[in-house]
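Notes to accompany the following structure.
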Amino acid sequence: MEHRQPQKVVVVGAGPVGSLAALYAATRGDDVELYELRGDLRDTSTTPLNFTKSINLALSERGINALRHSQHPPLVNSIIVETIPMYGRMIHGLSTTGAPTQSPQAYDVHGRHISAVDRGGLNKRLLDELDKMPNVEFFFNHKLTGADFQGRKAWFEVRRQPEERSGPGHRAPEIEVSFDLLLGADGAHSAARYHMMKYAQTNFSQEYIDTLWCEFTIPPSPENDFRISPNHLHIWPAGDFMFIAIPSLDKSFTCTLFGPTSLFENLKNVKNSSHSPLEDLFTEQFPGIIPDLISRQDLHEQFNRNPHLPLINIKCNPHHFDGSVVIVGDSANAIVPFYGQGMNAGLESVRILFDYLDNHGVYAANKNADEVQQARAAALAAYTAHRVPDAHCIADLALQNYIEMRSDVRSPIYRVRKFVEETLDRYLPGLGWATQYSRVSFGNERYSKIAQQASKQGKILAMSLIAVAVGLIGGGGGLVARRWYHARQGTGWLSKWLMTAGQEVERRRR
Ligand SMILES: Cc1cc2nc3c(=O)[nH]c(=O)nc-3n(C[C@H](O)[C@H](O)[C@H](O)COP(=O)(O)OP(=O)(O)OC[C@H]3O[C@@H](n4cnc5c(N)ncnc54)[C@H](O)[C@@H]3O)c2cc1C
């Protein structure tokens with residue numbers, strides 16, 4: 001068999017995306033070094049207590065598909081068996097009599113589901129799989145501090161344990177590492193991206209949205225069971241803010257309060273006060289939570305103990321420089337979490353990136369080092385051209401979905417559109433009609449294509465509404481004719497309704 005000289009790939013960041021990227025490279029025969037700022041996630045004695053990421057998240061088709069393409073089937077199975085299927089949203093509210101209500105909204109007419117997964121568990125499975133590979137070396141407690149992407153060298157600070165540090169003037173030692181390709185997967189505040197931007201002419205935008213999040217836990221019941229349905233993503237929508245709950249394997253729920261900074265300011269507990277804005281919020285806006293699912297005391301403790309964290313939206317273009325560096329995951333596009341796609345999109349980026357490397361012959365036999373480097377540069381350029389529009393698109397869709405989750409799920413127009421689209425999907429599948437949510441969560445179509453498709457569907461729906469209304473008018477009597485006359489003048493209720501419905505459909509489309 002023809003032989004290929006292994007390339008040295010340095011991966012920065014051992015989160016889910018960096019770990020999968022390391023696995024893809026190692027499986028293709030590269031010599032992989034994985035550098036991670038923190039200690040080994042699997043070592044409970046070194047896992048930091050102030051872990052600033054949500055405990056569990058929603059894994060969907062794109063993420064699973066990328067795991068499948070890693071060519072390690074037992075890995076995929078070991079991850080899937082530790083997930084909980086969520087078939088839809090459960091919308092919590094109040095009845096007219098003031099009693100808490102729960103209304104399920106299925107995600108998909110075909111019964112497909114997204115899966116709740118433990119973030120740490122998924123990451124550990126990936127690290128375990130990498131551990132089995134002889135061509136992978138881990139460097140935990142190593143922080144990327146500098147890089148020369150022309151000379152293909154990077155510098156890492158070796159972070160010692162506190163007891164090894166020797167006083168105020170102490171500087172951590174640094175090591176120099178050479179590479180053929182550096183794969184940056186070091187999260188939203190990426191050092192790889194920062195250093196890459198000194199070489200590549202990068203358009204970059206970073207936006208903090210006016211929303212903070214804080215995590216809570218609903219514990220299992222005294223009988224050690226789930227307190228609410230484990231097969232739904234629970235939402236308490238409240239207009240400008242919301243509370244959500246995702247099931248965990250230990251029968252608890254990891255919950256998140258999302259809201260504007262001003263809300264969090266108001267909620268901060270006033271000492272020695274009998275009045276609690278936090279309890280008032282939960283009683284008035286999130287029915288059924290206190291004291292049935294979370295005790296009042298736990299609510300206060302968790303709100304005071306758990307960090308109140310911001311949400312960031314980062315876009316950049318390109319995602320690479322030459323043939324020597326490429327960034328993936330949050331490092332390249334950090335998005336708000338409302339479509340449950342951040343990690344899924346990052347894992348998908350790894351699959352697409354390696355498709356480009358494969359298709360450009362980077363792993364073909366009988367290529368010398370220069371030819372491989374040229375093929376890699378061409379592959380990375382083509383990857384950026386393909387991926388950036390999709391990365392930007394899912395960032396925008398995720399922002400829009402916040403409005404859907406925190407308020408639209410209760411609106412009749414939202415439900416009518418969902419009903420119509422799902423009915424067409426179920427009974428006339430040949431039309432290729434589907435909701436935007438199901439295309440994003442249950443398929444692998446490009447995000448940008450999905451957005452175009454949703455826009456097209458929105459327009460057809462608006463036109464159909466108008467046609468139906470006109471048909472009704474045609475069959476009506478004098479009253480309807482008069483209304484139609486007014487509608488044409490733009491002053492009657494019908495024209496207003498049609499305009500509002502059309503605008504609503506257009507707004508959602510955007
Ligand atoms: C509240 C919330 C809910 C979410 N829910 C979902 C969801 O349901 N579904 C979904 O798909 N996504 C979700 N996400 C997004 C998801 O968490 C991220 O997209 C995902 O973690 C990105 O993975 P990553 O590997 O790119 O980055 P990270 O997970 O951030 O990993 C980066 C790694 O790089 C290391 N690192 C950083 N700097 C350096 C350095 N200088 N040198 C070396 N190492 C470094 C870090 O220690 C870290 O281990 C959610 C996010 C939030 C905030």
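The table below gives the values:
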{"item": "Label-point separation in nm, S178 to S274, each point 7 Å along Cα→Cβ", "result": "7.6"}
{"item": "Residues L20, L472, L67, L299 arranged by fewest to most Cβ contacts within 10 Å", "result": "L472, L299, L67, L20"}
{"item": "Residues T211, T96, T27, sorted so that the one with the fewest Cβ neighbours within 10 Å comes first", "result": "T96, T27, T211"}
{"item": "Size of charge dipole - the chain - debye, nearest 20, with Cβ of Lys, Arg +1 and Asp, Glu -1, no other charges", "result": "1820"}
{"item": "Prolate/oblate/rounded call for the chain, Cα gyration tensor, a/c under 1.5 rounded", "result": "oblate"}
{"item": "Per-residue Cβ neighbour rank within 10 angstrom, fewest leading, I314, I294, I80", "result": "I80, I314, I294"}
{"item": "Mean separation of Cα contacts under 8 Å, 6 or more apart, over the residue count of the chain: relative contact order %", "result": "17"}
{"item": "222 nm mean residue ellipticity, helices alone, for the chain (DSSP H n ≥ 4; -39,500 (n - 2.57); rounded to 500)", "result": "-13000 deg cm²/dmol"}
{"item": "Distance (nanometres) between label positions extended 7 Å along Cα→Cβ at H170 and N444", "result": "4.8"}
{"item": "Listed residues F226, F241, Y208: farthest to the positive end of the dipole of region 145-255 (Cβ charges)", "result": "Y208"}
{"item": "Between region 287-320 and region 104-146, the alpha-carbon center distance in angstrom", "result": "21"}
{"item": "Which listed pairs, of K132/K315; K315/K449; K153/K367, have C-alpha distances above 25 Å, in listed order", "result": "K132/K315"}
{"item": "Cα-projected label distance for M463 with R296, points at 7 Å along beta-carbon direction, nm", "result": "5.9"}
{"item": "Residues of type aspartates and glutamates that K251 reaches as a straight line, Cα spacing below 20 Å, ignoring anything fewer than 8 places off in the same chain", "result": "E82, D118, E215, E223, D225, D292, D298"}
{"item": "Cα long-axis angle, helix 447-474 against the chain (0 to 90 degrees, to the nearest 10)", "result": "10"}
{"item": "In degrees, nearest ten, helix 119-131 long axis to first principal axis of the chain (Cα)", "result": "30"}
{"item": "Relative packing of 34-42, 98-106, which averages over residues the other C-beta atoms within 10 Å, highest first", "result": "34-42, 98-106"}
{"item": "Nearest-0.05 FRET efficiency for R415 and I473, computed from C-beta distance (R0 35 Å)", "result": "0.90"}
{"item": "Beta bridge orientation in the chain: antiparallel %, DSSP, nearest 5", "result": "70"}
{"item": "Phi to ³J(HN,Hα) by Karplus 6.51 cos²θ - 1.76 cosθ + 1.60 over region 329-344, Hz, x for Gly, Pro", "result": "x, 4, 4, 8, 8, 8, 10, 6, x, 7, 9, x, 10, x, 5, 4"}
{"item": "Helix axis angle, 493-509 relative to the chain longest principal axis, alpha carbon, degrees", "result": "10"}
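None of the figures in this text is laboratory data; all of them are computed from the coordinates on show. Bear in mind the structure is a predicted one, so any value in this text is a computation, not a measurement. Every residue, glycine among them, receives a Cβ derived from its backbone with ideal geometry; neighbour counts consider all protein chains shown.
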